[in-house]
1. Do the conditions hold for B:Arg111, that is, is it modelled with pLDDT of 95 or more and loosely packed, with under 15 Cβ neighbours inside 10 Å?
2. If you take the residues in the range A:10-36 that are within 12 Å of the chain's Cα centre (by Cα) and open to solvent by 20 Å² or more (accessible area, probe 1.4 Å), which one is farthest from B:Trp35 (Cα to Cα)?
3. Suppose we filter B:Asp55, B:Asp95 for residues that are closer than 14 Å to B:Ser32 by Cβ, within 14 Å of another protein chain (Cβ to nearest Cβ) and without any contact (Cβ under 8 Å) to a residue 24 or more places away in the chain; which single one remains?
4. With the structure loaded, tell me whether B:Glu42 is acidic (Asp, Glu) and over 21 Å from A:Gln38 (Cβ atoms) or whether it fails that test.
5. Tally up the residues in the range A:64-115 that are touching a Lys or Arg at 6+ places or on another chain (Cβ under 9 Å), within 14 Å of chain B (Cβ to nearest Cβ) and open to solvent by 20 Å² or more (accessible area, probe 1.4 Å), please.
6. Could you please find all residues in the range B:61-92 being within 14 Å of chain A (Cβ to nearest Cβ) and of a type outside the set (Gly, Ala, Ser)?
7. Among residues belonging to the range B:76-92 that are more than 15 Å from B:Pro10 (Cα to Cα) and without any contact (Cβ under 8 Å) to a residue 60 or more places away in the chain, point out the one that is farthest from the chain's Cα centre (by Cα).
8. When you check A:Pro40 against the structure, is it of a type outside the set (Asp, Glu) and under 14 Å from the mean Cα position of the chain (by Cα), yes or no?
Amino acid sequence: GAVVSQHPSRVICKSGTSVKIECRSLDFQATTMFWYRQFPKQSLMLMATSNEGSKATYEQGVEKDKFLINHASLTLSTLTVTSAHPEDSSFYICSAGASGTYGYTFGSGTRLTVV
Amino acid sequence: GDSVTQMEGPVTLSEEAFLTINCTYTATGYPSLFWYVQYPGEGLQLLLKATKADDKGSNKGFEATYRKETTSFHLEKGSVQVSDSAVYFCALRMDSSYKLIFGSGTRLLVRP
């Protein structure tokens with residue numbers, strides 16, 4: 001079946017630094033990728049949607065300059081948290097979908113801790 | 001707007017008990033409905049789905065039937081196992097949209 005690899009699974013960074021999270025579709029071409037943020041014991045909040053080769057579409061309230069999303073190829077999307085602060089600490093999950101298919105495959109998530 | 005409402009958890013059951021997690025939705029059209037499961041520290045896995053009214057999705061002993069008349073998609077399992085302990089998310093997606101709209105999630109804890 002479709003597999004999405006997300007890494008790192010855990011990252012700890014210092015406040016003010018930037019962190020990049022990668023999301024790769026291993027056996028299919030992901031025309032659309034989604035990035036979610038999940039707070040403890042809460043549901044997933046969609047942050048942005050990216051289509052290969054075009055700019056990401058951000059949900060209302062999500063800072064574009066803080067959460068940089070790049071979808072440069074059909075198998076790779078990255079989320080960069082710039083100038084991270086402790087309030088950015090969260091669980092980030094990507095999901096990917098292929099054109100013409102129905103479901104989305106989720107990555108295993110990245111636990112970001114900013115200290 | 002479109003939304004999904006799930007029963008609040010946590011739901012605590014003994015092994016081999018019957019499970020029901022309620023899910024209702026509000027949508028302007030006819031969405032596809034999904035159940036996802038999230039194990040501790042992991043991403044989401046698709047558990048089952050139904051794309052039209054009266055469809056029954058099933059997987060790993062779990063079932064859910066798309067009920068248009070009650071706008072519901074309740075998740076059931078006849079006999080739960082400790083390994084079913086996880087958070088379960090109900091979600092919908094409109095045909096006209098690529099977005100998944102999630103419910104708040106229901107934590108299930110199965111005790112031996």
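1. yes
2. A:Lys20
3. Matching residue, one of B:Asp55, B:Asp95: B:Asp55.
4. Judged against the criteria, B:Glu42 is not a match.
5. 5
6. B:Val87, B:Tyr88, B:Phe89, B:Cys90, B:Leu92 - these are the residues of the range B:61-92 that are within 14 Å of chain A (Cβ to nearest Cβ) and of a type outside the set (Gly, Ala, Ser).
7. Only one residue tops the list, namely B:Ser83.
8. Considered against the rule, which asks whether it is of a type outside the set (Asp, Glu) and under 14 Å from the mean Cα position of the chain (by Cα), A:Pro40 comes out as no.
The values are calculated or read from the model by the stated rules, or taken from the named source; none is laboratory data. None of these values were measured; they are calculated from a predicted model. Glycine gets a Cβ as well: all are built from the backbone with ideal geometry, and neighbour counts include every protein chain shown. All accessible areas refer to the heavy atoms of the entire protein, side chains included, with ligands and DNA or RNA removed. Shrake-Rupley method; radii C 1.70, N 1.55, O 1.52, S 1.80 Å.
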